[in-house]
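Bear in mind these aren't lab numbers, they're just calculated from the coordinates by the rules spelled out. Because the structure is predicted, anything quoted here is derived from the model rather than measured. Here the Cβ positions follow ideal geometry from the backbone for every residue, glycine too, while neighbour counts run over all protein chains shown.
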Amino acid sequence: MGLFVNITLDGLANGMIFAALALALVLIFRATRIVNFAQGAMGMITTFIASSLLGRGVAYWWAFLAVLAIGFVLGALVERVLIRPLQGKSELNPVIVTIGLLVVLEGVAGTIYGNSSRGFPAAYSQSGLTVGHTKIAFSHFDVFILVSVLVLMIATLVLFRATSLGLRMRASAFSGEISRLLGVRVGLLLTLGWALAGVAGSLAGLLVAPTSSFSPYFMDLVLVYAFTAAVIGGLESPVGALIGGLITGLSISYVGGYLGSGLQPLGALVLLMVALMARPEGIFARPPARRV
Amino acid sequence: MTPPAVPGLALGRARWFRRLRLPTQPLARHMILALCGAAVLYVVTSSLSPYNDFEVGEIALYVIALSGLSLLTGVNGQISLGHGAFMAVGAYATALLMTHTHLNFLLELLASIGAAAILGLVIGIPATRLKGPYLAGMTLLLALALPPIADKWSTTFGGDQGLTTTVPAAPGTTNPEEWLAWIQIMGALIVVVLLANLLRSRFGRTFRAVRDDEIAASLAGIHVARTKVIAFVISAGCAGLAGAFLGLSTGVVNTGEFPLTLSIQLLAAMVLGGTGTLMGMWWGAVLLVYLPQWSTSLSGDFNLGSGASAYLATIIFGVVLIVAMIAAPTGIQGGLRWAWGRISVFGSRLGVSTPSVSEGPGATLHGPDQVRNSG
Amino acid sequence: MSYGAIEALRSVTLTARPGAITAILGANGAGKTTLLRTISGLVKPRAGTVRFSGHELLGRAVEDIARQGVAHVPEGRGVIAELTVEENLRLATLWSMGRRERQGAIEATFELFPRLSGFRRRHASTLSGGERQMLVIGRALISRPRLLLLDEPSLGLAPLVTAQLMVLLRDQTEGTDMTVVLVEQNARSALSVSQHAVVLNLGEVVVSDDAATIAADSGLRHHYLGF
């Protein structure tokens, strides 16, 4: 029983991290209909930058904020420089460009930071909290994960539902041409979407790093798990990303706990295949018939 | 007005040169080209050092993998970021058989092809319902999911150390590297000829029709899902054979040989060579084999650390992919074709007829919206 | 200007006056929609100029042209189906108004179209054709444009609704300095409310005259306009 509880809690914490990265994927997909496979690597690079800052004696929380800001800028830059030139052409080209970006970022991280083994500190203590008389596998850091991702989600929902900026972003995503005719600067908003996704990706990186091997590849699996989460949740809604993240996190955790950690990616693959079969891609594509 | 006296022009106008044409029947044409290629390669490998022979063999095996990928992605329009996994399956199949049985070498290779093809079937069936980014994501996950399985059951799969492979003994006094290279070259030539014929046949037209417009294809009576699965299976089988050959080249098969970057490098090499082409895959294979060396010397020039050269190679692959997508989606082969087309136009203006060259349909990565080039 | 190998507009010279409705008429494929899309910036022509209030619009970004006071209601209406009715209206006001003014403008639109106020919070996808037309015209008018471009507003609407629509247009234009360019297949309705009319055929202007004159010329009507 204790094992089950611990595995579940572990799954919830991981699920929240997948949800954060899935949110980034959703933001970008809604705005530009592209899956940004480099999102994990972008989060990896910003976390490496955080590591450098910490190495130079910068206080943790300053580094944290700085790196979220850098993620913002990086997202905007990638959209402007790499993705913008490809808009309007085939829908597969930008996807492949993001794959190229993924390996470039991993290569750059490896070249600059080398193979030196380094760890990344957690924001809070990672030892389990005590509930009643038992120690559970949920630490202060896990609470921080939960809280920070929830804050991110709520902020995103508030932005979209309750602000003019959010209205413009939604309109741009639903119908770019009509929005432009109404005076909305759609291009700028697409860049903003990527920038916000960059922040979410940076957060995910900072949350994963303490428990990972912290090599340039440490976000690879997180990315594909987040992709699975986003697909389950529907690639169009932040709430879906959260639900998908939790489902994926829990599933992976059970697979890892009962079958062994090496089978986790395979478990995710099965989960993804089931999700893709159960919700044929047509449901994700917005039905054009409504637009009259 | 007399045309300028240019030597090539004189040749072009010579009647006998104009009669030099390849037979129009595809199979004969491909076999003749293959035999010429084989002859050239024989001369080349005999005169090269054993290490260079080894490299030529590696180029050949990557041609096999890339050709399969090119068929799947360029001709049939399904992207795969997971071909490293198919290669791994092929490699482990051969290695396992070599370790535990004394099966005939050719049968072991066939088993590799078969095992990879079965995985291709398993993946190909759900893939029929997936469009670009979703298929990319699923195959990406495949590339990450498969290798850890070998780590988990490390007793069967040899764990970190991996399984060893043995190359069948070379005949006579041929040195082993040259012999292995020859096995791989033969494999590559056979695969390329078979695929070239396939692409020229009704199958090839069906693949392309499905790529261009699934609805139109199904209205024309094509069984779209079946076509897509067949393409996947063939492509996976090729990768499986290439994986087995890779296992023979390196002598050992372990999960470290098949990281995610391998799958992505295959994609980059295919794009650079020319998506949808077969001949272009030789360029891509050269890139795959020689880039690590060039980046090692590059990193030496820049005095980077010892591990940095592998990462540098990765950067270059990524840049190649990005630049190719933005600036030159048809790759090297596409560029050559364009140049050859220009020359033909120029030549015909001067009254010279240039031999017609076409070795198979080409395609660029595209989605349903874009107007495509074919042939 | 061309779409692929087909030239949609060859040579069109058009002048429209403020405070009046100018109708653009002609058969399908005559280039009417392309003309509007060129003015609003969705389409960039090979040559020519588009001058509005002394400004050159050609080559500028669509959103910048819109912010000059050009409101284009496109073919197919262009309701943003995933947003609510109120959100559709609000969206149009974001660049031009502060919060207080905005609320007033939205309320005024609901007074103009009482039918819509019952649907305020409903997604625009739930509206009928006629209601959508009201929404997009309300959305176009809410930012008090100086140039209003309408592409076949009567398409798919019942004759009664079309008549009401035309009356509304006339009422909204009379006495203002808004310029209205109305593209219509339904030439009869269009001519009944416009002051000036232009007939396009195969990408060129064949007639440009007072609406009343054109309506009276039965030969012309039969040949180009189908009635």
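Which whole number gives the average, over all residues in C:93-103, of C-beta atoms from other chains lying within 10 Å of the residue C-beta?
Average per residue, whole number: 2.
Give the calculated FRET efficiency between A:Leu159 and C:Ser53 to the nearest 0.05, with a Förster radius of 25 Å applied to their Cβ-Cβ distance.
The computed FRET efficiency comes out at 0.10.
Just rank B:Thr206, A:Thr47, B:Thr173, C:Thr176, fewest to most, by other beta-carbon atoms within 10 angstrom.
Lowest to highest Cβ neighbour count: B:Thr173, C:Thr176, B:Thr206, A:Thr47.
Can you give the average number of partner chain beta-carbon atoms within 10 Å of each beta-carbon in peptide B:319-332, as a whole number?
4
Would you kindly derive the ³J(HN,Hα) couplings of region B:44-61 from the backbone phi angles with the Karplus curve 6.51 cos²θ - 1.76 cosθ + 1.60 (θ = phi - 60°), listing them in order in whole Hz, with x for Gly and Pro?
Result, ordered by residue: 4, 5, 5, 8, 8, 6, x, 5, 5, 4, 4, 5, 4, x, 5, 4, 4, 5 Hz.
Under the rule of at least 5 residues apart or a separate chain, name every residue whose amide H is placed under 5 Å from the amide H of A:Leu129.
A:Ile136, A:Phe138, A:Ser139, A:His140
Between A:Leu146 and B:Val319, what is the FRET efficiency for a Förster distance of 35 Å, r being their Cβ-Cβ separation, to the nearest 0.05?
So, using R0 = 35 Å, E works out to roughly 0.35.
Report D for the protein assembly as shown in µm² per second (integer): Stokes-Einstein, Kirkwood Rh on Cα pairs, 25 °C, 0.890 mPa s.
Estimated diffusion coefficient is 79 µm²/s.
Arrange the following residues from fewest to most other Cβ atoms within 10 Å of their Cβ: B:Val167, A:Val231, B:Val253, A:Val73.
A:Val73, B:Val167, A:Val231, B:Val253
Per the Debye formula with a single identical scatterer at each Cα and no solvent contribution, what log10 I(q)/I(0) holds for region A:1-53 at q = 0.14, 0.19 Å⁻¹?
These q points yield log10 I(q)/I(0) values of -0.54, -0.77.
What do the square roots of 5 times the Cα gyration tensor eigenvalues come to for chain A, in whole Å, largest first, as semi-axes of the equivalent ellipsoid?
31, 23, 18
What is the helix-to-structure angle for B:224-250, meaning the angle in degrees between its Cα long axis and the longest Cα principal axis of chain B, kept from 0 to 90 and rounded to the nearest 10?
Once rounded, the angle reads 70 degrees.
For A:Phe218, list long-range residues whose amide hydrogen, built 1.01 Å from N in the peptide plane, is under 5 Å from its own amide hydrogen.
none
Tell me the mean residue ellipticity at 222 nm calculated for the protein assembly as shown from its helices only (DSSP H runs of n ≥ 4, each -39500 (n - 2.57), averaged over every residue, nearest 500).
Computed mean residue ellipticity for the protein assembly as shown: -20500 deg cm²/dmol.
DSSP loop trypsin sites (Lys or Arg not before Pro) in region C:39-77 with at most 12 other Cβ atoms within 10 Å of their Cβ, which ones?
Filter output for region C:39-77: C:Arg46.
May I ask which residue of A:Leu259, A:Leu192, A:Val35 lies farthest towards the positive end of the charge dipole of region A:2-285, with charges of +1 (Lys, Arg) and -1 (Asp, Glu) on Cβ and the Cα centre as origin?
Towards the positive end, the residue furthest out is A:Leu192.
Can you work out the Karplus-derived ³J(HN,Hα) for every residue in region A:21-26? Use 6.51 cos²θ - 1.76 cosθ + 1.60 with θ = phi - 60°, whole Hz, and x for glycine or proline.
In residue order, the calculated couplings are 5, 5, 4, 4, 4, 5 Hz.
How far apart, in nm, are two points set 7 Å out from the Cα along the Cα-to-Cβ line at B:Cys36 and at A:Leu77?
4.9
Check C:Ile24: other-chain or 5+ apart residues with amide H under 5 Å from its amide H, H built from backbone geometry?
Result for C:Ile24 returns C:Leu182, C:Val183, C:Glu184, C:Val198.
If each residue's Cβ is checked for other Cβ atoms within 10 Å, how do C:Glu111, A:Glu79 rank with the fewest at the top?
Ascending Cβ contact count within 10 Å gives the list C:Glu111, A:Glu79.
Compare the Cα positions of A:Leu3, A:Phe120, A:Leu271 along the charge dipole of region A:2-285 (+1 at Cβ of Lys, Arg; -1 at Cβ of Asp, Glu; about the Cα centre) and return the one farthest towards the positive end.
Of the candidates, A:Phe120 comes out farthest on the positive side.
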